[in-house]
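Data block below; observations after.
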Amino acid sequence: MKKFLSIASAFVAALCLTACGSKTQSAETTADSTATKYLVLYYSQTGATKTVAEALQKALDADIAAIELETPYDSSYDKTIERVRLERADSITPAIKPLTVNLDDYDVIFLGYPIWFGTYALPIATLLKDNNLDGRTIVPFCTFGSGGQFSALADLKVALPNAKISEGYGVRNARLSAMPKELDRFLKENGYVEGEVEALPDFSSAQPVTEADIAIFNAACSSYRFPLGTPTTVASRTTADGTDYEFNVKSDMPDGEASMSTIYVTVSNEEGATPEFTQVVRWAPLNSDAK
């Protein structure tokens, strides 16, 4: 009898352990199924946007997929510009290959592209036309020669009125080496990864530029292939990494009209660092970059 009771007790205990194990596994499965699913989806012409995309994928432990063209653009800058001009003039968007992922499987899509003519590259226009992104959260990221991050963001909001378009990240091709640290701040500030960063201070009030300010502006901008204009006022802020400047700049348009823009310049605390401009925010369309 005692032997029977011992066997029965062991059987009941085994059932309890099995049930408990099943309950734990079920809870873990439920937790996994409710976790936010990230996708890094990007188009890259020269490899710059791909570099940012791969850094994002690693930081987020996300899935990643590239947008590829049926007929790729030429590797030549001038030939790419020529083809894009013709496509834009005729309202043509280039055909893209079928995606290797199902967009319906993801809650948040980090959408990457180079800036062309002040907005997202044309392959992105094809993507938006061919896919339903209603209800999705879209986090844009981009690379550029001078600017266009914010105008592209505005265009995305128009193209995807039923999606949630979040503030994104952008970096000049010439400053890709600064991207890892900037991207880490962006992801932590917006809660995509755990961690805290020190808040950046506000810029000071704008003041007329001095000769010293103009020297900093010229050191940052004079080597750029296109004229960026003449600074009129400047604001600044000091951070743990250096000093940032916000220049208001006047430019002459080809038609003789004046155009204003804001150009951001940073000077690192590192020994031997030289001023770099981080981006141009134009008050009027003036961008013809294709990076």
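The set of residues in the range 201-224 that are free of Cβ contacts under 8 Å to residues at least 40 places away in the same chain and assigned to a loop (DSSP other than H, G, I, E, B) comprises 201, 202, 204, 205, 209, 210, 222, 223.
Taking the range 60-77 as the range and being more than 15 Å from residue 140 (Cα to Cα) and open to solvent by 50 Å² or more (accessible area, probe 1.4 Å) as the test, the residues that pass are 61, 63, 68, 70, 71, 72, 74, 75, 77. Scanning the range 122-140 for residues that are open to solvent by less than 10 Å² (accessible area, probe 1.4 Å), among the hydrophobic types (A, V, I, L, M, F, W, C) and touching a Ser or Thr at 6+ places or on another chain (Cβ under 8 Å) returns 138, 139. Count, please, the residues in the range 112-121 that happen to be over 11 Å from residue 155 (Cα atoms) and open to solvent by 10 Å² or more (accessible area, probe 1.4 Å). Count: 1.
Here residue 186 clears all of (1) open to solvent by 40 Å² or more (accessible area, probe 1.4 Å); (2) within 27 Å of residue 110 (Cβ to Cβ); (3) outside any strand (DSSP E or B) except the condition numbered (1). Restrict the check to the range 146-163 and report whether at least one residue is aromatic (Phe, Trp, Tyr) and either assigned to a loop (DSSP other than H, G, I, E, B) or more than 14 Å from the chain's Cα centre (by Cα) (or both). The answer is no, given that none of the residues of the range 146-163 is aromatic (Phe, Trp, Tyr) and either assigned to a loop (DSSP other than H, G, I, E, B) or more than 14 Å from the chain's Cα centre (by Cα) (or both). For the range 82-93, the count of residues that are closer than 17 Å to residue 53 by Cα and over 16 Å from the mean Cα position of the chain (by Cα) is zero. Scanning the range 171-179 finds one or more residues that are under 11 Å from the mean Cα position of the chain (by Cα) and part of a helix (DSSP H, G or I). Restricting 49, 34, 100 to those that are open to solvent by 80 Å² or more (accessible area, probe 1.4 Å), at pLDDT 90 or above, within 26 Å of residue 165 (Cβ to Cβ) and among the polar types (S, T, N, Q) reduces the list to 100. Among the residues of the range 249-271, those identified as within 24 Å of the chain's Cα centre (by Cα) and of a type outside the set (Val, Ile, Thr) are 261, 264, 268.
The values are calculated or read from the model by the stated rules, or taken from the named source; none is laboratory data. This structure is a prediction, so every number in the text was calculated from the model and none was measured. Note that we place each Cβ from the backbone using ideal geometry, even for glycine, and neighbour counts take in every protein chain shown. For accessibility, only protein heavy atoms count, side chains too; no ligands or nucleic acids. Shrake-Rupley method; radii C 1.70, N 1.55, O 1.52, S 1.80 Å.
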